[in-house]
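Data first, discussion second: the structure below is written as structure tokens.
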Amino acid sequence: MIERRALRDEVFRLLRHNPVVALVGARQVGKTTLAREIARREPRAVTFLERDVPQLGSRIPSTTLRRFWSMLTHYHGQTWNSSELARAFGVSDHAVRGYLDLLESTYVVRLLAAWHENLGKRQVKAPKVYLADSGVLHALLNLTTRQDLMLHPKVGASWEGFALDEVVAHLGARPEECFYWRTHTGAELDLLVVRGERRRGFEFKHTSAPQATRSMHIALEDLGLASVDVIHAGRDSFPLAPRIRAVALSRMLDDIDPGV
Ligand SMILES: Nc1ncnc2c1ncn2[C@@H]1O[C@H](COP(=O)(O)OP(=O)(O)OP(=O)(O)O)[C@@H](O)[C@H]1O
Ligand SMILES: [Mg+2]
């Protein structure tokens, strides 16, 4: 391996002053290799926490925020619970909510609001938490290969977060149009997109053989959905029940009408 120390130091120096540095050069000279080496030594998370966050005026220590961020990986795709995290951190509910708000306002974390309406059923009101970038999620979980990911208990949640982002982007849905829904008796919908009168439901299943469930039928009826699309990891799209379809994520562009 040819040592590229001078180049590497130069890139680090430039990165301290600029958020973006390009490596350009002839083909096959080692640009990608160098970029990977740099990314290994200075993960984006470190510069973000130690440089960007303090510049935003936050006084939360970067080590605290780093721990909090790592802990959030376990909540990816789950309902936010201030008191549980506050206990784990030994700080107040208010303080952990502050950490969460900071990471949300810097686009590190995405919150999906809970939908609730007068149905005569108790519904969950806390938002769901997602790390905004599945690459960052995998890095924090120390998953470096596809195999690591496939064997990890968070694979389903990772899939859900990734597919959810893709669907939201495809629909061009704004954050205030996106919700999840869950009742205390167990019915739930991963994503509800509300635009005017039209309500569409989406479920995310890391499988190639999704099925219609009772929970989907309840969501259809209770929320008056136009449709439920079950986004899955297989190859084909096919109907599952009236107004319920299985849609392969890879076919989303063709099979899901973005609507207005
Ligand atoms: N420092 C190095 N010492 C020895 N071999 C290297 C070094 N850096 C890269 N290589 C080897 O050179 C080849 C090209 O490397 P790399 O893919 O990083 O180049 P690249 O500039 O990104 O190429 P491309 O222009 O095709 O994107 C690879 O086989 C890689 O293993
Ligand atoms: Mg390259």
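Within region 93-161, list the chymotrypsin sites (Phe, Trp or Tyr not before Pro) lying in a DSSP loop whose Cβ has at most 14 other Cβ atoms in a 10 Å radius. All intermediate terms of the calculation are to be shown ahead of the outcome.
On the way: sites: Tyr99, Tyr107, Trp115, Tyr130, Trp159; in loops: Tyr107, Trp115.
Here the chymotrypsin sites (Phe, Trp or Tyr not before Pro) that fit, given the DSSP loop and packing criteria, are Tyr107.
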| Give me the log10 of I(q) over I(0) for region 86-165 at q = 0.11, 0.13, 0.14 Å⁻¹, as the Debye formula computes it from C-alpha points; what are the numbers? | -0.41, -0.56, -0.64
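On alpha carbon coordinates alone, what is the Rg over Rh value for the chain, Rh being the Kirkwood radius?
Numbers: Rg = 21.1 Å, Rh = 20.7 Å.
Checking Rg against Rh, the ratio lands at 1.02.
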| request: Would you mind finding the longest exposed-site-free stretch of the chain, with exposed trypsin sites (Lys or Arg not before Pro) meaning DSSP loop and at most 13 other Cβ atoms within 10 Å? | output: 126-234
| note | Once the in-chain neighbours fewer than 8 apart are removed, the aspartates and glutamates whose Cα is under 15 Å from Lys154 read Asp133
| message | Could you work out the pair-distance distribution P(r) of region 46-93 from its alpha-carbon pairs, with 5 angstrom bin width and percents rounded to whole numbers? | response | 5, 20, 25, 22, 18, 10
| field | Theoretical gain in end-to-end length, Glu84 to Ser250 [0.36 nm per residue, Cα-Cα removed] | value | 56.1 nm
| field | Degrees between helix 5-17 axis and first principal axis of the chain (Cα, 0 to 90, nearest 10) | value | 60
| field | Proximal aspartates and glutamates to Lys121, defined as alpha-carbon separation beneath 16 angstrom and excluding residues fewer than eight positions away on the same chain | value | Glu188, Glu221, Asp222
| Of Gln28, Gln123, Gln147, the one that fluctuates the most in a GNM where the chain has Cα springs shorter than 10 Å | Gln28
| task | Report, for the chain, the % of DSSP beta bridges that are antiparallel, rounded to 5. | result | 60
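Taking only C-alpha pairs under 8 Å that are 6+ residues apart, what is the relative contact order of the chain in percent? Intermediate results must be reported in sequence, preceding the final value.
On the way: 332 pairs, mean separation 29.7, N = 260.
That works out to 11 percent.
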| query | Which Cα, out of Thr73, Gly120, His217, lies furthest along the positive dipole direction of region 47-255 (beta carbon charges, K/R +1, D/E -1)? | reply | Gly120
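Bear in mind these aren't lab numbers, they're just calculated from the coordinates by the rules spelled out. Remember, predicted model here, so these are calculated numbers, not experimental data. Every residue, glycine as well, gets a Cβ built from its backbone with ideal geometry; the counts of neighbours run over all protein chains shown.
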